[in-house]
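J.: Would you mind keeping the following structure in view while I ask a few things?
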Amino acid sequence: MIDIRGLYQHLAGRAIAAGAEIRVRHTVDKVLREGERIVGVTYKNHVSERREVHADVTIDASGFSRHIGVRSDMGEAFHRYGFGAEYDLYAPHYPQDTVYLIMGSAFAPQGYAWVFPRGNGRVRIGVGVIHPDCDNDARPYLNSIMQMPQLKEKLRGASPVEYHTGLFPAVRPVDRFCRDGLMLAGDSGGQGSTLVGEGIRFAMYAGQMAGDVAADAVKSGDTSGTFLNRFDRQWRTRFGRDMEISYLINKHIAAYTDEQWDGAFDLLKRLTASQIAQAVRCDYSASLFMGILARNPMLVATGGKKFLDVLLERINKPSLAVAEGSKQVS
């Protein structure tokens, strides 16, 4: 677990030290075009004055809202998404080496809940549900989780310090990440892992890749979609297959009943800690899935092997790449 506000401020400090200018409380409202090229944006600043900024390359890193991508015909708004709510608690009696993942209709229908310590007496308690797979509001479940008998003593004397809500795209990556003068990086391109709704780590990877390609494009004087598509190809080569597998798993388990989750936990109990960690961080391999099958031979009898075979097929296919234009090929 990370201190997200602290992380943002740390990254902001590094960016400013490198020469960047950060404008806070500015909201993009329109995209500037010259023909088919994106050349910047208009925005409202912190006192609602409308201004514009021109750029050789614009990178949409606006997350789920994908303000620029939608306005630039780079795909529609996301229609399947995780809705999460979270308390950041000060919990002086909570053991800092204990993590809970909670599934089931009573606490997180079509999703999961979590209790994650993050040091110095701080604990994150949250719940995420997937819309439109269900129409439940995640927020009311927070207090139910805090009242669980298993947590009562550990949360003795605890109280919220912060309250967070957020949205995460629970979809495949968008068809294309780049066009003339524009790149989509992070959640705006659907580049996070839908397995557990992990976006920050993958957004940082994508941001580094996109920044490198954008810098090369500006130096070369070529900011066309053809040049910027280097980012698209690099990302899909490194992450495309794993994100596809994460999406397939997410679609499979999001519809689990309570009884199916009971069976899934029986399966997880037979895995090693390293196998669970490898799966959660989306580091998929044929040896991982074969190891899961070896430790759970009953999967063959229950039909689970068929689903594992689908995942193995994805593992053994070449990584997704970008062909000419916006078409993707395997």
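J.: Would it be correct to say that T257 is among the polar types (S, T, N, Q) and modelled with pLDDT under 95? Give the steps one after another, and end with the answer.
T.: Details: among the polar types (S, T, N, Q): yes; modelled with pLDDT under 95: yes.
Spelling it out, T257 is indeed among the polar types (S, T, N, Q) and modelled with pLDDT under 95.
J.: Quickly run through the stretch 14-53 and pick out the residues that are assigned to a helix (DSSP H, G or I) and either surrounded by fewer than 12 Cβ atoms within 10 Å (Cβ to Cβ) or touching a strand residue (DSSP E or B) at 6+ places or on another chain (Cβ under 9 Å) (or both).
T.: Going through the stretch 14-53, the residues assigned to a helix (DSSP H, G or I) turn out to be 14-17.
Answer for the stretch 14-53, where residues must be assigned to a helix (DSSP H, G or I) and either surrounded by fewer than 12 Cβ atoms within 10 Å (Cβ to Cβ) or touching a strand residue (DSSP E or B) at 6+ places or on another chain (Cβ under 9 Å) (or both): R14, I16, A17.
J.: Kindly indicate which of L195, L268, L248 is under 30 Å from Y112 (Cα atoms), of a type in the set (A, V, I, L, M) and touching a Ser or Thr at 6+ places or on another chain (Cβ under 6 Å). Quick ask: steps written out before the conclusion?
T.: On the way: L268 fails: touching a Ser or Thr at 6+ places or on another chain (Cβ under 6 Å); L248 fails: touching a Ser or Thr at 6+ places or on another chain (Cβ under 6 Å).
Result: L195 is the single residue among L195, L268, L248 that is under 30 Å from Y112 (Cα atoms), of a type in the set (A, V, I, L, M) and touching a Ser or Thr at 6+ places or on another chain (Cβ under 6 Å).
J.: Give me the pairs, please: first residue somewhere in the stretch 133-156 and closer than 11 Å to A108 by Cβ and not assigned by TED's automatic domain parsing to the domain that holds L89, second residue anywhere and surrounded by 17 or more Cβ atoms within 10 Å (Cβ to Cβ) and of a type outside the set (F, W, Y), beta-carbon distance under 8 Å, and either six or more positions apart or on two chains.
T.: Partner pairs satisfying both residue conditions: none exist.
J.: Go through the stretch 1-13 and count every residue that is surrounded by 11 or more Cβ atoms within 10 Å (Cβ to Cβ), among the small types (G, A, S) and more than 22 Å from H67 (Cβ to Cβ).
T.: Number satisfying all stated conditions: 1.
J.: Further, regarding this structure: Yes or no: the stretch 98-115 includes at least one residue that is surrounded by fewer than 15 Cβ atoms within 10 Å (Cβ to Cβ), modelled with pLDDT of 90 or more and more than 25 Å from G263 (Cα to Cα).
T.: no
J.: While we're on this one: Give the stretch 180-202 a look and list any residue that's surrounded by fewer than 24 Cβ atoms within 10 Å (Cβ to Cβ) and either among the aliphatic types (A, V, I, L, M) or out of contact with any strand residue (DSSP E or B) (no Cβ under 7 Å at 6 or more places or on another chain) (or both), or say none.
T.: Passing the criteria: S193, L195, V196, E198, I200, R201.
The values are calculated or read from the model by the stated rules, or taken from the named source; none is laboratory data. Source: prediction; values computed, not measured. Note: ideal-geometry Cβ built from the backbone for every residue, glycine included; neighbour counts use all protein chains shown.
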